[in-house]
């Protein structure tokens, strides 16, 4: 059986990320990792902050901080936000780690030994007022390809083209704004992508199952012809270049950043007291199935440049088995903008609604092939219809009705709790909050043809759901999950246990028992998407840790919870979002000048 290595694109350390960054790599990777763990697979999910290069230096300069101190601060801020979103990294590392430095220098030396590194003297923009070279983001100007007026010297946010500083029209210094610039000669190192092009193309062509978006980006680069690409910069913050005459220069951030996937795994191994275990995932690891999650602007680096770096070492490094690319998430038809305060960023999102609202919505509209657009009316519609109206409504009506008709004697959870159910001592409450209605799963009645059909329908829906998640088709998986949830409301409406209890109490009890088991099934199946809510429901049902962590293949058993078990009715799981709140949020996050 394969072991699954999962990485999501490293978020730049320069500031809090927006929802588009989250849904473009980290969140779908987390959903996939959680699902595979439920399937019983061995999974290692790795990510890290991308801390080198001009993005970090410029942001630290703007914050009036030392760059190392700035990176320390922002790493902790981002790490905390992702934890509150429920991202289940096995390790969240840092590209400024010693491990990454060792690996980056090793890979460079191997490329040099094998003839894939070339030294060149090039002309580069130099600021007379700042008395320094201006690489990458230290230069701002107009994009020569699309006319976007605020393009950076490494990439244009207007058309996503990769640029060099000299490609910009009317360039200026990002440090001082000075236009007093000139071209000067400086030495740099280049990786010979042109020499490696046939191997890269063969590698790409060998992955016929990749998504259309991923293959399209890779083929575009290959068809345009690969050229040597500069891998060093005139900066002080970064990984030093181990070559005579290159003192004071560092590796380009996009050379060392993907190597941090390996570096972070080494960090993980060290942190767990297993120094060399990283090699079992990355070096001569034939049983590893490696999946990368990336937004489309990162695809060129991961389909062409990073593979070239690894191939050129002539060492048996683990290469990507599957690359899941994502398009953009836009905001009300335009771009998210930090400077214009336009759109929702991850820290503010959690202040407005709990994480599961965002997790579910973002995966429901995930830009898997084409761009998707975030609007507040759409957000409210999906939350209200799917989470509050479908899932939440079924859980609430089932447990409320059962608790009201079959209450625990004496009204205390402690008087009827089965061995293993989790309660807080002295409160008789599963969450430590007294006063929640407490019920018992009733006995009586036998399954009939309708219940057998219900079980078959649940099994079929779960099979479809699992198939979609295996194939990393997340929007289809959400549709399958909604179909599963709908089975509950359809069944309870059709069987009407509130009426059955008046005429045939035993059959009514059996129907409610099936419904409580559906609550269990829905919660456990949903946990890759809404883990916090799934845990709340599992706790309300009194599931033991073992019962709450069953394999996905076992979550559909509608006889798992037998009669006599007690449960609590949790508070409302998802609150409806009203129209006036939609209007308020639309105004609040419209951005400056809107």
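Taking the alpha-carbon centroid of each part, what is the distance from segment 108-168 to segment 255-327 in angstrom? Computed from Cα coordinates, the inter-centre distance equals 25 Å.
Given axes a ≥ b ≥ c from the Cα gyration tensor, I'd like to know whether segment 515-594 is rounded (a/c under 1.5), prolate (a/b larger than b/c) or oblate. Taking the square roots of the gyration eigenvalues as a ≥ b ≥ c, segment 515-594 is prolate.
Taking the fewest neighbouring Cβ atoms within 10 Å as the starting point, the ordered list for 501, 479, 541 is 479, 501, 541.
For the chain, the longest principal axis of the Cα atoms and the long axis of helix 259-271 meet at an angle of about 60 degrees. Within segment 74-102, list the residues whose amide N lies under 20 Å from a label point set 7 Å along Cα→Cβ of residue 247. None, by backbone N distance to the label point. Annotation: peptides 452-465, 109-122, ranked by per-residue average of other Cβ atoms within 10 Å with the highest first, follow the order 452-465, 109-122.
Calculate how steeply helix 67-84 sits against the longest principal axis of the alpha-carbon atoms of the chain, using the helix alpha-carbon long axis, and give the answer as 0 to 90 degrees to the nearest 10. Tilt relative to the chain: about 20 degrees.
For the chain, the longest principal axis of the Cα atoms and the long axis of helix 531-540 meet at an angle of about 20 degrees. FRET efficiency for residue 146 and residue 549, Cβ-Cβ distance as r, R0 = 45 Å, nearest 0.05? So, using R0 = 45 Å, E works out to roughly 0.35. Over all distinct Cα-Cα pairs of the chain, the Kirkwood formula returns a hydrodynamic radius of 26.4 Å.
Multiplying the residue separation of residue 287 and residue 224 by 0.36 nm and removing their Cα-Cα distance gives an extension gain of 19.3 nm.
Given axes a ≥ b ≥ c from the Cα gyration tensor, I'd like to know whether segment 1-114 is rounded (a/c under 1.5), prolate (a/b larger than b/c) or oblate. Because a/c hits 1.5 or more and a/b fails to exceed b/c, segment 1-114 counts as oblate.
Per-peptide packing, taken as the mean over residues of other Cβ atoms within 10 Å, places 179-189, 302-312 in the sequence 302-312, 179-189 from highest down. A Förster radius of 56 Å combined with the Cβ-Cβ distance from residue 502 to residue 319 puts the calculated FRET efficiency at roughly 0.30. Here the spin labels are modelled as points 7 Å beyond Cα on the Cα-Cβ line, and at residue 443 and residue 68 they lie 6.9 nm apart. Quick one: go through segment 439-477 and flag any residue whose amide nitrogen is under 17 Å from the point 7 Å out along the Cα-to-Cβ line of residue 41. Under cut-off, by backbone N: 463-477. Helix content alone sets the calculated 222 nm mean residue ellipticity of the chain: runs of n ≥ 4 DSSP H residues at -39500 (n - 2.57) each, divided across all residues, give -12500 deg cm²/dmol.
Relative contact order for the chain: what percent, with Cα pairs under 8 Å and sequence separation of 6 or more? Normalised by residue count, the contact order of the chain is 16 percent.
Does segment 58-178 come out rounded, prolate or oblate by the C-alpha gyration tensor, with a ≥ b ≥ c the root eigenvalues, rounded set by a/c under 1.5 and, if not, prolate when a/b is larger than b/c and oblate if not? Note, shape of segment 58-178 comes out oblate.
Residue exposure proxy: 47, 71, 146, ordered by other Cβ atoms within 10 angstrom of their Cβ from fewest to most, comes out as 146, 71, 47.
Report, in whole Å, the centroid distance computed from the Cα atoms of segment 488-564 and segment 454-480. The distance from the Cα centre of segment 488-564 to that of segment 454-480 comes to 18 Å.
No lab work stands behind these numbers, since they all come straight from the coordinates. Since the structure is predicted, the reported quantities are computational estimates derived from the model, not experimental observations. When we count neighbours, we look across all protein chains shown, and the Cβ atoms used for this are built from the backbone with ideal geometry, even at glycine.
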